[in-house]
Each structure stands twice: as structure tokens, then as C-alpha cells.
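What follows is a set of notes on a single structure, which appears directly below.
Read-outs throughout are calculated quantities, based only on the coordinates presented, and are distinct from any laboratory measurement. Just so you know, these numbers come straight off a predicted model, no measurement behind them. Cβ placement follows ideal geometry from the backbone for every residue including glycine, while neighbour counts extend to all protein chains displayed.
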Amino acid sequence: MTLAFSLPFSRLLSGIALVLGLSLAARPAAQAQPADSSLTVGSKKFTENVILGWMAVDVMQARGFEVAHRSQLGGSRFLWDALVRGDIDVYPEYTGTLIQEILAESGGTRSTLADTLARYGVAMTEPLGFNNTYAIGVRADLADSLDLRTIGDLRRHPELQLGFSNEFMDRSDGWPGLQDAYNLPQDARGVDHDLGYRGLVNGSLDAIDLYSTDAEIEQYDIRVLEDNRDYFGTYEAILLYRTDLPAAAEAGLQQLEGRFSEQTMQGLNARAKIDQVDEPVVAANYLNEALNLEATAETPSRMERVGVRTEEHLVLVGLSLGLAILLGIPLGILAAKSRIVGPGVLLVVGIIYTIPSLALLAVMVPPLGVGQLPAVLALFLYSLLPIVWNTYTGLNDLSRPLVESAEALGLSAASKLVRVEIPLAARSILAGVKIAAVINIGTATLGALIGAGGYGQPILTGIRRANLGLILEGTVPAAVLTILVLALLEILERTLLPRSMRT
Amino acid sequence: MITLTGVSKHYGDTVAVDDVDLTVEAGQTTVLIGPSGSGKSTLLRLMNGLITPTAGAVTFDGTPVEQASTHALRHRMGYVIQEGGLFPHLTGRSNAALLARHLGWPDDRVDARIAELTDLVQLPPNRLEQYPSELSGGQRQRVSLMRALMLDPDVLLLDEPLGALDPMIRADLQDDLRSIFRDLGKTVVLVTHDIGEAGYFGDAVALLRRGRIVQRGSMHALVHAPSSPFVEDFIQAQRAPLEHLEE
């Protein structure tokens, strides 16, 4: 009885502490943040690159290194920056991409490439053996009916729908240059590389960009148009690594040099994309055969995978939401109490919210690197708006007679806030926390794009491999987590609020 | 006890209180009466510094209200309003004890004072653990009075404390309130628009109209020597309902 009036507030604080504590306790040891002594491989978000990434993992593990794989991180520039920054130690790349795109300013050529790389503290293996150039593909039946044989033939049919991967749309060696080289009249749309194939097959797209080693070329009976003006350069696959990579690890990577013909790679891609074999398994099977390695791909059960992703997701959500509650409520109070700072606070959190979540995640990477930290920070900023605004609104909408009664009693401003105003606004504040939680859990799936793991990881893989099961492996637990968190907050609300304040 | 000298309060172009001089005598019950919008509640809120005058001065016990430490000053003035004054998230006991808790009273002192006040305002003790929404209107106002009396203030400011109650309960509470005021010897300022209530409580009555005091004195003087046709009309208007029974 003695603390009856201040109880709701202290309960709120202990509730927040509980959420933070839980998420810290759930923090996985080495899952997303490899220790300094271990090595990290990165890979781009398409199947071939992921397979090569796993192979780099396997050959270095075979030499006794502890290696983590941040798979399907993003595009070329993202991986390059992560390598130069030291977030990752190795990733598979293509010579053409380096010369035409990443190091274009340096004006280097294939012969000077190694020297140019050295200036960034980066080295490369000899070519892995295959050339995975860009190509333009159309459905075979369309190619036959319109007599399309070369890229230039597209000029005769301005009505054709072109859809290119987003990276290809922007690259200097991509669509802008291609359009110039062949004087093509069409406008192109940007689509995800893997969705492009689906668009082509279902007829919504007529021509897409592809990689010449893509497994889908055979699977979907796609005709590759001849690049008779030699627009696309050579894209020899190599492994890029930091020059500070231990020599033994480097020797491991060199085992992969010259191992892959275009046919071999297309076959491996088909194993993963068409036969739906997991990339680590594809990689290990091949290496065990070709190099006599004894690599074993860890194939955790679905439950184990969900368990790991749940831990990662809980860390992202728990930390960012906990921080947003700890900071958002005071900011909301400030907004309600200060005529000068208040409008500014509301505006700033509002503006933050208008930044697309993907962009917010991306801008966190240059200063913070890849991993969970930038994702937590972005999610925290994203969760502020509902908490700040609901706290502000809750405090501003208190009934005048009640506020005046508190004033007339002669309570200090702090006492009035803690004993009267915050408890009265608690329902509104908690509603803001619930909205923030739902937004946060959903948005956290995007964290996988910057190496934060979580439920977004199987969703990304699932989209890439057109595997509904994997997509559900991310979306279903995310939905369940949302329900559980809302139930938890509901229980919190019931314990926190006196019976007179419940609905 | 409380002195208002040439006090005016403007809200933009609206004049809520217009050049009022008023002295509230210690130990007396002063009733402010008048139609809606006549400025009586504004006057009350000027007395405890909830609002500051546009012109003129308000003093409490010789100290200008606007210069005094408002917190200390308000601890010496209990304040009860018509409705909605109790905090819905606190039980009756916690509402009444709120200020003492804020001031850091030890538990036993709080409990003793609550027991004393429960007895004084005749609230059934089991009602103390109920929330305002679970109390009747009359019980709510008894708790409000406990909260106002918690620190044993010199002055009670009551803004239509009985206005929302039905007649039977109202009469009951009127009796109780008057005996409490007399027993405790408090200085009371009561705002009402009910002429019967004014007569029942008031040692001194001030009738307001459009922010000005039209007549001041005893209820007897107001009824029998109205200073203007308005005073006469105001009193007549409230007697009218019973007039046909007086033949």
C-alpha cells in the first residue's frame, strides 16, 4: 500500500529492464559477430556467389581456421566496401565488375588490376576458371517468332518489355551503356534478379539480364542474344581477399584457382536453384570430390535454424525497442512540456520515419560496418516515432480539471508528472509501444540485408531460390513473435495499470 | 486572510473579472454566487494562483500570491472542484494521501491522518480502497474533501462542490460540510449558483455579474435589500419553482 501511487511507473521501468535483459541474455555468442581471431567470408545476394562463398569457407576451414559466412549481404559495392573496411576478409568477385564498375575511376585494365587492388589493401586469386558475363535473354518461343538473334534485333521491336536487375540498371557497364551501344528505344524497369526470371516466364517481361552461368537458362529454355558488338566485357570469377589474410588461408583459397569451367558452375548453380539443395551442401560435395577435402556442410534442422534466427531477431528487436522505449518516452515528455524544443522533437522523429527503412539501414553501414549494430540503431530510430508521438499526445490530451487539480494541490512539476500525468497517459504510451513493436519486428527482417541475421535471412534465401518453404520459415516465426510480443505487452498493461484504467 | 485589490483578468478581448475588490475574512465562509460566466470560478482560481491577474493584486495572509512560493501557498489552501477532480488511477486512499506522500510523510502519520479524516467526512472506511469510478458522487466529494484537508490547510476553496449531486445526497452533504466548517473553524470560499446553498453556508455573500461584484453582504440583505433590479431578478429566478406553493 505504501507505494501504491508510484507503482505503475516503477513497474514500467522494471518491465523495460526485463525486455532489455531478455534480449541481452539471448545474444548469440558467435553467430553474427565473429571474434577477431576468426575469418569472415561475404557473398553477394545471388546463388553462384553464395556457393563460391561457402567454398571459400570450406577451404579455409580445412586449414584450421574458424570461418563465418555472411551470405547474401548485398551488391558489389556493398561487399567491396565491407572488404576494404575489414568487416569481411574474403568475397567472390568478377574481374569485369572490378574494372568497369568498382575501380572505374582508377582507369585500370586487366593487366594492372592486381596493382590497383593492392592500393586498397586487397589481393585476388588467379581466375577460378569460368567467365560469368552479363547476357540478355529472351524466351525461346519469342526469339523464334520475332526472329531475335542478336541484342541489336531488339531495336526492331520497341514494344518489348525489358526488366533488368537493379544493379544492372545503374552500373556503367550495365543498361545505360548497353542502350547507347545498341541504340535501343525501350525503357527498362528495375527488378530483383531472381524475380526477373519469373517475370520472363510468366510473360510480364520479354527480355532480362542474366549471368551466363545461370542455371535458369536451360531450365526455362531461354535464348541468350548474341552480343555482336562486344559490349559486355569479360567477367572472370576470382576471390578477393584482404592482404592481411594469413598465408595459410590464402593458400587454401588458391586451391580453387582454375577449378571451374562454365559448365561446372552452371551445374552447381542448377543443383542449388533447381534441385533446391542448400548451398553449403552443394559447395562441400563438390570440394570433397574435386579437392579430396573432408568438408561437411552443417545442415541444421529447420527447428535449429529457426532457433538461431529467433535469437538473432530477438536481439535486434529487444535492443532497438528497449532503447526506443527508454529514450522515446522522455522525448515525448519533452515534446509535451517544452513549447520551444517540443515541435522540433516531433518533427525530427517524423522525418526519420519518412526515410525508407531500407535506406535507413544502408546509411548506417558506412560508419558502423555490417552486422547487428547498424541494424539495431536503424530499428531504434524507426521505433521512436510511435512512442514519442503517443507519449506526447497522451500527455497533451489529459483532462484539464485533472491537471488543474494536480496543480492546485501544490505538487512539484516532477511529482505531478510522475504521480499523475504519466500514469494517466500510460494507456496511450503503451499503445505507442505496441505499434512500435509491430513495426520493429516486421522491419527487422530487412536487417538480413546488412548482415544482421534474423528472420529476414531465410526470407532472402527463399526469394533468391524461389523457395516458398524458406520464405515461410522467416515470415511465420515473425508473425508468431509479433503475436507473442503483443500478448506480453498486454499482460504488462494489465499488471501495470490499476483496474480503474483498464478497458 | 485573502485580499483582492482592483483585480482584473482578461482573456484576449473577454473580460472574466473586472476590477474586483474583495476581502475574505479568516474563519468565515464567503460565498461567491452568480450566473454562469459571471467570473466566480475565475476569482477562486486567482486566489490560489492557478491563474495570475491581468491587473491588480491578490494577497494571502499579507503575502502577494504571485510572489509567494506557490507550492507552499497551495499547501495552505485546500481546493475542491465539482467533478473530475479525483485522479482515476488512484484509490480513494491514495488520492487523499497523494500530497502527504509527495512531502515524504512517514506511513504511520499518513495512515493516522487518513483515519481521522475518514471519520470527519463520514466516509465508510471500506470505500477508501475503491477507485473514483467505483464510488458514488457523494462519496467522491467526501474523498475530495479529505484530499483538500490532508495537510490541515487554513483555507478551503470549493468550486461548486455539490453541483453534480442529486438533491437528497446534496442536502446530506450540505449538513455535513457545514458542521465540518464550523468545527474546524476554517476560512472557506465557496462558489455556487444556488441561492439556497449560498444562504445555508454563507456568513458573507458576494453576487457577481459579468466579472464584477454587484452586491456584497449577508444573504438577508441580498434578499430583503437588493441593490439593483438584477439582484432582485437573480433571487426571484431561483425562488420561482416553489412560488406556487406559497399561497
Relative contact order %, chain B, counting alpha carbon pairs below 8 Å whose residues are six or more apart: 28 percent
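Quick one: if you take sqrt(5λ) for each eigenvalue of the C-alpha gyration tensor of the range B:85-152, what semi-axes come out, biggest first, whole angstrom? Display every interim value, and only then the final one.
Values: eigenvalues 62, 32, 20 Å².
Over the Cα atoms of the range B:85-152, the ellipsoid semi-axes are 18, 13, 10 Å.
Count charges around residue A:309 for me, please; just the other residues with Cβ under 11 Å from its Cβ, Lys/Arg as +1, Asp/Glu as -1. Before the final figure, lay out each step's value.
On the way: positive: A:302, A:305; negative: A:304, A:311, A:312, A:473.
Here the charged neighbours net out to -2.
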Amide H within-cut-off set for residue B:208, under 5 Å, with H built and near neighbours excluded: B:33, B:34, B:214
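Given contacts defined as C-alpha pairs under 8 Å and at least six residues apart, what's the relative contact order of chain A, whole-number percent? List each step's numbers first, then the result.
Working: 820 pairs, mean separation 94.2, N = 503.
About 19 percent, as a whole number.
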Leading residue at positive end of dipole, the protein assembly as shown (Cβ point charges), from A:347, A:222, B:22: B:22
Unit charges on C-beta of K, R, D, E only; dipole of the range B:149-226, Debye: 540 debye
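Using Cα pairs closer than 8 Å and at least 6 residues apart in sequence, work out the relative contact order for the range B:85-152, in percent.
On the way: 68 pairs, mean separation 35.2, N = 68.
Relative contact order comes out at 52 percent.
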Contour minus Cα-Cα distance for residue A:296 and residue A:221 (0.36 nm per residue): 23.6 nm
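Hey, what number do you get for the protein assembly as shown at 222 nm if only DSSP H runs of n ≥ 4 count, each worth -39500 (n - 2.57), divided across all residues, to the nearest 500? Could you put the intermediate results ahead of the total?
Values: 30 runs with 375 residues, N = 750.
It comes out at -15500 deg cm²/dmol, rounded to the nearest 500.
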Rg(Cα)/(2.2 N^0.38 Å) for the range B:57-98, N = residue count: 1.50
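Using a simple charge model, +1 on the beta-carbon of Lys and Arg, -1 on the beta-carbon of Asp and Glu, nothing else, what dipole does the protein assembly as shown show about its Cα centre, in debye to the nearest 20?
Details: 60 positive and 86 negative charges, 427 e Å.
Here the protein assembly as shown has a charge dipole of around 2040 debye.
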Positive-pole candidate from A:67, B:3, A:387, dipole of the protein assembly as shown, charges at beta carbon: B:3
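Treating the beta-carbon of each Lys and Arg as +1 and of each Asp and Glu as -1, no other charges, what is the dipole magnitude of the range A:390-474 about its Cα centre, to the nearest 20 debye?
Working: 7 positive and 5 negative charges, 52 e Å.
Its charge dipole is roughly 240 debye.
Beyond 29 Å between alpha-carbons counts as too far, so tell me which of A:273/A:434; B:9/B:186; A:416/B:9 fall in that bin.
Details: A:273/A:434 39 Å; B:9/B:186 27 Å; A:416/B:9 26 Å.
Table pairs above 29 Å Cα-Cα are A:273/A:434.
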Proxy reagent accessibility, fewest Cβ within 10 Å first, across B:168, A:501: B:168, A:501
In Å, descending, principal axis extents of the Cα set of the range A:134-224: 29, 26, 21
Cβ-based exposure ranking for B:155, B:188, in which fewest neighbours within 10 Å come first: B:155, B:188
Spread of Cα-to-Cα distances over 5 Å intervals beginning at zero, given as percent, for the range B:19-80: 3, 16, 28, 28, 18, 6, 1
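What is the ratio of the Cα radius of gyration of the range A:40-179 to 2.2 N^0.38 Å, where N is its residue count, to two decimals?
Numbers: Rg = 18.0 Å, N = 140, 2.2 N^0.38 = 14.4 Å.
Compactness ratio reported: 1.25.
Quick one: Kirkwood hydrodynamic radius for chain B, alpha-carbon pairs, angstrom, one decimal?
Working: mean 1/r = 0.0530 Å⁻¹.
Taking the inverse mean of 1/r over all distinct Cα pairs, chain B comes out at 18.9 Å.
Within chain A, what's the longest stretch lacking trypsin sites (Lys or Arg not before Pro) that sit in DSSP loops with no more than 14 other Cβ atoms inside 10 Å?
Numbers: sites that count: A:119, A:149, A:229, A:339, A:502.
Looking at chain A, A:340-501 is the longest stretch - no exposed trypsin sites (Lys or Arg not before Pro) with at most 14 other Cβ atoms within 10 Å.
Can you work out D for the protein assembly as shown in µm² s⁻¹ from Stokes-Einstein, where Rh is the Kirkwood radius over C-alpha pairs, the temperature is 37 °C and the viscosity is 0.692 mPa s? The partial results should precede the final answer.
Details: Rh = 32.0 Å.
It comes out at roughly 102 µm²/s.
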Dimensions in Å of the range B:106-247 - Rg and Dmax from alpha carbons: 17.8, 61
Other protein chain Cβ atoms within 10 Å, averaged over every residue that makes up B:91-102: 5
The protein assembly as shown: antiparallel DSSP beta bridges as a percent of all, rounded to 5: 55 percent
Long-range HN-HN contacts of residue B:18 with modeled amide H, under 5 Å: B:9, B:212
Amide H partners (placed H, <5 Å) of residue A:455, local residues excluded: A:313
Whole-Å semi-axes of the ellipsoid equivalent to the range A:387-497 (Cα gyration tensor, √5λ, descending): 43, 13, 9
